[in-house]
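Working notes, structure below.
The values are calculated or read from the model by the stated rules, or taken from the named source; none is laboratory data. This structure is a prediction, so every number in the text was calculated from the model and none was measured. We place every Cβ from the backbone using ideal geometry, glycine too, and count neighbours over all the protein chains shown. The protein model used for the area step is the full one, side chains on, heavy atoms only, and it has no ligands, DNA or RNA in it. Shrake-Rupley method; radii C 1.70, N 1.55, O 1.52, S 1.80 Å.
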Amino acid sequence: MSRIEVSEVKLTEEEIQAAVDVLRSGNLRQNGQCEAFEREFASMVGAGHALTCANGTASLHLAYMSFLQPGDEVLVPSFTFMATGSMVAMSGGRPIFCDIDPETFLIDLGDAQRRITERTRAIAPVHLFGNPVDAEAVGEFAARNNLIVVWDAAQAHGASWGKRDVGSFGDFVCYSFYPSKNMFVGEGGMICTNNGDYAERMRLLRSHGESGKYCHTVLGFNYRMTDVEAAIGRRQLLRLEEMLAQRRANAHILSAGLAGLRGIRAQKISGQGTHAWHQYCVLVDPDEFGCSRDCLAERLQEKGVASGVHYPRGLHQQPVFEKLYGLSNLPVTEKTAQTILALPVHHGLTVDNAKAVVEAVRQCRG
Ligand SMILES: Cc1ncc(COP(=O)(O)O)c(C=O)c1O
């Protein structure tokens, strides 16, 4: 069997053709594809507004720049990708790193509550690996503490909480279309919001604060998406459900096959959530499994199965944040970072591939 990769980013012929059509049209500026992608994405997730932008990092930056004041604090789970925290800092705020739940790997609201101060302005829950955070609990938490919610859904296209898509909740929902994500167009991002004022402000910030031709009413960026990427994204929306179904089928095989294997524990799916399976992550207990996380990764590699470590340290352990804010200690994040491993689950994986991954993990037991 050929090597089993940890993600797949092949575009379909139709997606490639959609990009070529834009290139052939001579319209290298935006000319309708981005707006159409926004309408279709908003309609799919049930959001009031959706805005395309350059990438997921830009989507977070636009969200924070539209409301954050200097010195405002934002509660951020430490176990996430860099941009969730760095965009708070780049917008003049301070990320306050919170610990995670040891089973779901999602923000621990109890820990977050203890970190509230009079400067706390927002919370940034991350649907990590596609596992949705409890939207009702976050809604109550935000209402109780008078906070804005900036959801990081970069890894959660297609996830839902209860009957609602995660893109339909709250103030801001930020997505990435980076290759490796559940939707991938090259570089790209999307922000959903149900607040017309935020949408208007982010539209301005996205394009130099220009409210009329060469009339700039606020300072902004060039964070626009191109029509090439939007055309790919529009086409890809048509197969998102199919890709998600394959991810779910693969996750099901992995969960069934690894259940009861001592020393391996998979991410727990949150209560009423539908997981989008961006990653299938397990914790490796070296004593029980007889082999550490890194040793399992090496043994899998020898068997032709790729794996990944997301993430090897919490944000509070990143040198730049240690320098900015000093040392801190978040025990669950730190332990998780030492023992976590992502196994292949992507939409390009066949049922036989998923079974082969299970078999390979079982054979690696020391
Ligand atoms: C949780 C999370 N937030 C934000 C981002 C940033 O997205 P992008 O790489 O498109 O800038 C990513 C992408 O890796 C991510 O995984």
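Considering only residues in the range 221-253 that are assigned to a loop (DSSP other than H, G, I, E, B) and of a type outside the set (Val, Ile, Thr), the one that is most open to solvent (accessible area, probe 1.4 Å) turns out to be Arg224.
Looking only at the range 129-147, residues that are free of Cβ contacts under 8 Å to residues at least 60 places away in the same chain and closer than 27 Å to Val282 by Cβ come to 3 in all.
Only one of the listed residues (Ala251, Ala276, Ala259, Ala297) is within 20 Å of Ala354 (Cβ to Cβ), in contact (Cβ under 8 Å) with a residue 24 or more places away in the chain and more than 19 Å from the chain's Cα centre (by Cα). That residue is Ala297. When Gly189 is tested against the conditions (1) touching a strand residue (DSSP E or B) at 6+ places or on another chain (Cβ under 6 Å); (2) away from the ligand (no atom under 15 Å from the Cβ); (3) under 21 Å from Gln30 (Cα atoms), the lone failure is (2). Checked against the criterion of being of a type in the set (D, E, K, R), at pLDDT 95 or above, in contact with a helix residue (DSSP H, G or I) (Cβ under 9 Å, 6 or more places away or on another chain) and within 20 Å of Glu38 (Cβ to Cβ), the candidates Asp152, Asp99, Asp108 yield just one match: Asp152. Taking the range 155-167 as the search range and keeping residues that are over 17 Å from Ala42 (Cβ atoms) and either in contact with a helix residue (DSSP H, G or I) (Cβ under 9 Å, 6 or more places away or on another chain) or not assigned by TED's automatic domain parsing to the domain that holds Ala58 (or both), which one is most open to solvent (accessible area, probe 1.4 Å)? Among residues in the range 155-167 that are over 17 Å from Ala42 (Cβ atoms) and either in contact with a helix residue (DSSP H, G or I) (Cβ under 9 Å, 6 or more places away or on another chain) or not assigned by TED's automatic domain parsing to the domain that holds Ala58 (or both), the one most open to solvent (accessible area, probe 1.4 Å) is Gly162. If you take the residues in the range 112-121 that are surrounded by fewer than 19 Cβ atoms within 10 Å (Cβ to Cβ) and free of Cβ contacts under 8 Å to residues at least 40 places away in the same chain, which one is nearest to Gln279 (Cα to Cα)? Going through the qualifying residues, I end up with Gln113. Do we find a residue being surrounded by 21 or more Cβ atoms within 10 Å (Cβ to Cβ), on the phi > 0 side of the Ramachandran plot and part of a loop (DSSP other than H, G, I, E, B) anywhere in the range 168-184? Yes, some residue in the range 168-184 is surrounded by 21 or more Cβ atoms within 10 Å (Cβ to Cβ), on the phi > 0 side of the Ramachandran plot and part of a loop (DSSP other than H, G, I, E, B). The test for being within 16 Å of the chain's Cα centre (by Cα), closer than 30 Å to Val20 by Cα and either within 11 Å of the ligand (Cβ to nearest atom) or in contact (Cβ under 8 Å) with a residue 12 or more places away in the chain (or both) does not hold for Phe172.
When you scan the range 58-66, do you find a residue that is over 17 Å from Val149 (Cβ atoms) and within 16 Å of the ligand (Cβ to nearest atom), even just one? Taking every residue of the range 58-66 in turn, at least one turns out to be over 17 Å from Val149 (Cβ atoms) and within 16 Å of the ligand (Cβ to nearest atom). When Asp197 is tested against (1) assigned to a strand (DSSP E or B); (2) open to solvent by 30 Å² or more (accessible area, probe 1.4 Å), only condition (1) is not met.
Checked against the criterion of being modelled with pLDDT of 95 or more, more than 21 Å from the chain's Cα centre (by Cα) and within 16 Å of the ligand (Cβ to nearest atom), the candidates Phe221, Phe184, Phe177 yield just one match: Phe221.
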